[in-house]
């Protein structure tokens, strides 16, 4: 009898294991673990309100960059009194059958204003902090040079996981931005999001030249460009979403950290976009 029960238990465990391997849960937990061990503070199943479906939903993983501390546990912030929050929004997808196909094209205008939020504006020109610092053309390392995808498809045809993941990330960021309220310049936090889709499966970039198919390459990383008009913010905003293969996720984290370092270094330079000038024209209050 005991042997029979053990056999049934093993059978159930094997069944659960096989079913789990078909889902995205192992991938989601693997990505969570990578973030946790790489100076990020991840949260699984982070809530947002879907304005189209009028109901609460969740994205797979959100994360903020862990700050550095002194020996007395004070946050090290070289930009003080300016505060910047760096955030990740991540959706995880898995398929052993689907091929994600992207069509990168020349695109020099990379609008990512949907991924930024500022509670302060230039007192003279009335432009936001992020537009002043980065302009409309800021984007991090592009693996296809100046080529960015806004077109995509999935073979064989079926559920459009790319569209679903894209919309969840955009709506989540839009919801998060709507919750941030200005506080008269003192200790205001300027926010930047990096939306990422992690795909455990095959990805391809298809390149055309003069309207003729020129090259098909297996890909680990594609930047997906899109726009969305939110009923929450009332604005039509641009997004550049990193779509990466699972094995490339560690690399995209390195790229993002490099982006952050370059942004901080640029702000510390003594130029018209430097920290001293920013504090002055945006009237940022000291603690």
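The values are calculated or read from the model by the stated rules, or taken from the named source; none is laboratory data. Quantities reported herein were computed from a predicted structural model and do not represent experimental measurements. Here the Cβ positions follow ideal geometry from the backbone for every residue, glycine too, while neighbour counts run over all protein chains shown.
Can you confirm whether residue 98 is in a strand (DSSP E or B) and crowded, with 19+ Cβ neighbours inside 10 Å?
Here the answer is yes, as residue 98 does meet what is asked.
Of these, 216, 162, 180, 212, which one is surrounded by fewer than 20 Cβ atoms within 10 Å (Cβ to Cβ), over 12 Å from the mean Cα position of the chain (by Cα) and touching a residue at least 60 places away in the same chain (Cβ under 8 Å)?
After ruling out the rest, the residue left standing is 180.
Criterion first (over 21 Å from the mean Cα position of the chain (by Cα) and surrounded by 14 or more Cβ atoms within 10 Å (Cβ to Cβ)) does residue 35 satisfy it?
no
Residue check, residue 20 against (1) out of contact with any helix residue (DSSP H, G or I) (no Cβ under 8 Å at 6 or more places or on another chain); (2) at pLDDT below 80, all met but one. Which one?
Of the numbered conditions (1) out of contact with any helix residue (DSSP H, G or I) (no Cβ under 8 Å at 6 or more places or on another chain); (2) at pLDDT below 80, the odd one out for residue 20 is (1).
Out of curiosity, is residue 207 surrounded by fewer than 20 Cβ atoms within 10 Å (Cβ to Cβ), in contact (Cβ under 8 Å) with a residue 12 or more places away in the chain and assigned to a strand (DSSP E or B)?
In short, yes.
Return only the number of the condition from (1) under 27 Å from residue 163 (Cβ atoms); (2) at pLDDT 85 or above that residue 258 does not satisfy.
Of the numbered conditions (1) under 27 Å from residue 163 (Cβ atoms); (2) at pLDDT 85 or above, the odd one out for residue 258 is (1).
Is at least one residue of the range 224-238 at negative phi and over 20 Å from the mean Cα position of the chain (by Cα)?
yes
Based on this model, can you work out whether residue 253 counts as touching a residue at least 60 places away in the same chain (Cβ under 8 Å), assigned to a helix (DSSP H, G or I) and in contact with a helix residue (DSSP H, G or I) (Cβ under 6 Å, 6 or more places away or on another chain)?
The answer is no for residue 253.
When you look at residue 174, is it buried (at least 17 other Cβ atoms within 10 Å of the Cβ) and closer than 23 Å to residue 64 by Cα, yes or no?
yes
All but one of (1) assigned to a loop (DSSP other than H, G, I, E, B); (2) surrounded by 16 or more Cβ atoms within 10 Å (Cβ to Cβ) hold for residue 61; state the number of the condition that does not hold.
With respect to (1) assigned to a loop (DSSP other than H, G, I, E, B); (2) surrounded by 16 or more Cβ atoms within 10 Å (Cβ to Cβ), residue 61 is out only on (1).
Please work out which residue is nearest to the chain's Cα centre (by Cα), limiting yourself to the range 113-129 and to residues that are part of a helix (DSSP H, G or I) and buried (at least 21 other Cβ atoms within 10 Å of the Cβ).
Applying the filter and picking the extreme gives 115.
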